[in-house]
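Shown next, in structure tokens, is the structure this report addresses.
The values are calculated or read from the model by the stated rules, or taken from the named source; none is laboratory data. Note that this is a predicted model, so its numbers are computed, not measured. Neighbour counts run over all protein chains shown; Cβ positions are idealised from the backbone, glycine included.
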Amino acid sequence: MQDRAQPPVKALRTPRAAGAAGILSAFLLGGTMILVRRAIPERPLQASAYLADAADHNALRLALILLPFGGVFFLWFMGALRDCIGIREDRFFATVFLGAGLLYVAMLFVFGATARAFVVTIDALNGSIPPTGLSHYGRYLTITLLSEYAPRMAGVFTLTTTTIVARLGLFPRWLIVSGYLVGLVQLLLVSTVAWSEIVFPVWVMVVGFVLLTLSADRIDASNIAKR
């Protein structure tokens, strides 16, 4: 008895909205970085000045609540990039790409938890001056995660992604050049130039817009040409 003909399995396709995930993650992550920089200055004149502005304080608490969603959207953004790379994914670059991206998200979550704990601790003091050691430790730990570790993982991710798409010819030349510049800034200058970590969310937002404009035919043609 012959088996009944099975309908062809429909291949999964990455939704076009995955490109928009990069734009959403850029807004959430970039906004959180800006609010943390404003609320926890790198060199405050006195510890009692922390979070003195109620409006900035409430905005910071909201941003830290939304930060995990920014990390989730960034994972969708990574998936959209991998879909563009397609079957010609190099194992070496794929390993670095995934490792750097996942470590960046992990660092963001640690950064958000640390900043959240610092804010809650300041709230618990009810306006009194916090102990000097506690205030300095919380401030340095939060700023170090923001300006040292997470941006360097972002730099590795940016350089790897730019190298991959440059070989496949998916992105325009100006975006490839800017990707290398952003990656170098994140690796070399982020610890010495304040606010330079913001350039990575800006790059993610631009790439998200480019992914939305790329047609499926162009992606498939690029993958076939590289076989």
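Give the residues of the stretch 185-215 that are in contact with a Leu (Cβ under 9 Å, 6 or more places away or on another chain) and surrounded by fewer than 14 Cβ atoms within 10 Å (Cβ to Cβ), sorted by residue number.
None; the set is empty.
Does the stretch 75-88 contain any residue that is modelled with pLDDT under 65, more than 21 Å from the chain's Cα centre (by Cα) and in a helix (DSSP H, G or I)?
There is at least one residue in the stretch 75-88 that is modelled with pLDDT under 65, more than 21 Å from the chain's Cα centre (by Cα) and in a helix (DSSP H, G or I).
Tell me yes or no: at least one residue of the stretch 201-210 is in contact with a Lys or Arg (Cβ under 6 Å, 6 or more places away or on another chain) and either modelled with pLDDT under 90 or within 30 Å of residue 144 (Cα to Cα) (or both).
no
Filter the stretch 162-210 down to the residues that are assigned to a helix (DSSP H, G or I) and of a type in the set (Gly, Ala, Ser), then identify the one that is farthest from the chain's Cα centre (by Cα). Show your work before the answer.
Narrowing the stretch 162-210 to residues assigned to a helix (DSSP H, G or I): 162-168, 173-189, 196-210.
Narrowing the set further to residues that are of a type in the set (Gly, Ala, Ser) leaves 166, 178-179, 183, 196, 208.
Working: 166: 20, 178: 16, 179: 14, 183: 12, 196: 14, 208: 12 Å.
Within the stretch 162-210, the match that is farthest from the chain's Cα centre (by Cα) is 166.
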